[in-house]
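Before any comments, here is the structure.
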Amino acid sequence: MEFLEALKSRHSQYALSKDINISQIEIENYLKGILTYTPSAFNSQSQRMMVLVGEKHDQLWNQLIEIMKGIVKGKQFENTKAKLNGFKGAYGTILFFDDMAVIEDLQEQYPLYKDNFSKWSVEQNGMLQSNVWVGLSMKGMGASLQHYNELIEEYIKTNYDIPQKWELRAQMPFGKIEDPAKEKEHMDVNKRIVVKK
Ligand SMILES: Cc1cc2nc3c(=O)[nH]c(=O)nc-3n(C[C@H](O)[C@H](O)[C@H](O)COP(=O)(O)O)c2cc1C
């Protein structure tokens, strides 16, 4: 697939199932490759991923349903629950983290760039998320990007044995696309780019 075609094929896919036709080991190796070749400032390689499948994936979304029960009430909770059950219906979830121990080390070593390192940490994690999202699409799988970070971070650290310094950035449910999303509207790209000669 050509690069632009690959970018165009990625959408936020919400109607996902577990019925994928690619092996677990192939997915793992593919994600390892994407993680290895995504850049980072000073080659710090602070990005971290955890891939949840099977029971562990279901457990995450069940826990979020429990958490949301205490926050969202009545009819609105039913909608929230349906949405979260949708994510649970996917094959797996990729959790994206940044190891802040790596970032803090760099901040100590290079005080001149102190503020930049925390910004770059978010940027390089976004690069990884995008690469994974497009990469999954190239393999015919769908995904969406979720941010329940503050609600679920402690639970994840405790139950999935994650170091305290790993900061949770995003959750990406992925799986077989059951009902393809429509392409969103794009504003006039000429209003977003400036070329000077
Ligand atoms: C930084 C970032 C944060 C996002 N957060 C969420 C989110 O929390 N939940 C969600 O459903 N989509 C989220 N999205 C997806 C966007 O809403 C979506 O990419 C955008 O509307 C364009 O649609 P498309 O992905 O189908 O092209 C996020 C996207 C980005 C880049």
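The values are calculated or read from the model by the stated rules, or taken from the named source; none is laboratory data. Since we're looking at a predicted model, the values are computed, not measured. Note: ideal-geometry Cβ built from the backbone for every residue, glycine included; neighbour counts use all protein chains shown.
The residue pairs whose first member lies in segment 125-150 and is closer than 23 Å to residue 99 by Cβ and free of Cβ contacts under 8 Å to residues at least 60 places away in the same chain, whose second member is in a helix (DSSP H, G or I) and more than 9 Å from the ligand (Cβ to nearest atom), and whose beta carbons are closer than 7 Å, counting only pairs six or more residues apart or on different chains, are 146/87. Applying a threshold of 8 Å to beta carbon distances and a minimum spacing of six or more residues, or different chains, the list of pairs starting in segment 1-29 at a residue that is at pLDDT below 95 and ending at one that is among the hydrophobic types (A, V, I, L, M, F, W, C) and within 16 Å of the ligand (Cβ to nearest atom) reads 1/138. For segment 49-63, state whether one or more residues are modelled with pLDDT of 95 or more, within 16 Å of the ligand (Cβ to nearest atom) and touching a helix residue (DSSP H, G or I) at 6+ places or on another chain (Cβ under 6 Å). Within segment 49-63, one or more residues are modelled with pLDDT of 95 or more, within 16 Å of the ligand (Cβ to nearest atom) and touching a helix residue (DSSP H, G or I) at 6+ places or on another chain (Cβ under 6 Å).
So for segment 26-37 (the condition being more than 16 Å from the ligand (Cβ to nearest atom), over 19 Å from residue 144 (Cα atoms) and crowded, with 17+ Cβ neighbours inside 10 Å), does at least one residue qualify? So far as segment 26-37 goes, no, none of its residues is more than 16 Å from the ligand (Cβ to nearest atom), over 19 Å from residue 144 (Cα atoms) and crowded, with 17+ Cβ neighbours inside 10 Å.
Note on segment 7-25: residues that are within 16 Å of the ligand (Cβ to nearest atom), of a type outside the set (Phe, Trp, Tyr) and touching an Asp or Glu at 6+ places or on another chain (Cβ under 9 Å) total 5.
Restricting attention to segment 86-93, does a residue exist that is within 16 Å of the ligand (Cβ to nearest atom), part of a loop (DSSP other than H, G, I, E, B), among the small types (Gly, Ala, Ser) and closer than 19 Å to residue 170 by Cα? Yes; the residues of segment 86-93 include at least one that is within 16 Å of the ligand (Cβ to nearest atom), part of a loop (DSSP other than H, G, I, E, B), among the small types (Gly, Ala, Ser) and closer than 19 Å to residue 170 by Cα. When segment 129-144 is examined, which residues are found to be within 12 Å of the ligand (Cβ to nearest atom) and out of contact with any Gly (no Cβ under 7 Å at 6 or more places or on another chain)? Selection gives 129, 130, 133, 134, 137, 143, 144. Each residue in segment 179-197 was checked for being over 29 Å from the mean Cα position of the chain (by Cα) and in contact (Cβ under 8 Å) with a residue 40 or more places away in the chain, and 0 of them qualify. Among the residues making up segment 28-48, those that are aliphatic (A, V, I, L, M) and under 23 Å from residue 116 (Cβ atoms) are 35, 41. Being within 13 Å of the ligand (Cβ to nearest atom) and part of a helix (DSSP H, G or I): is that true of residue 116 here? For residue 116, the condition - within 13 Å of the ligand (Cβ to nearest atom) and part of a helix (DSSP H, G or I) - is not met.
When residues in segment 145-169 are screened for being more than 14 Å from residue 64 (Cβ to Cβ) and within 12 Å of the ligand (Cβ to nearest atom), 2 of them pass.
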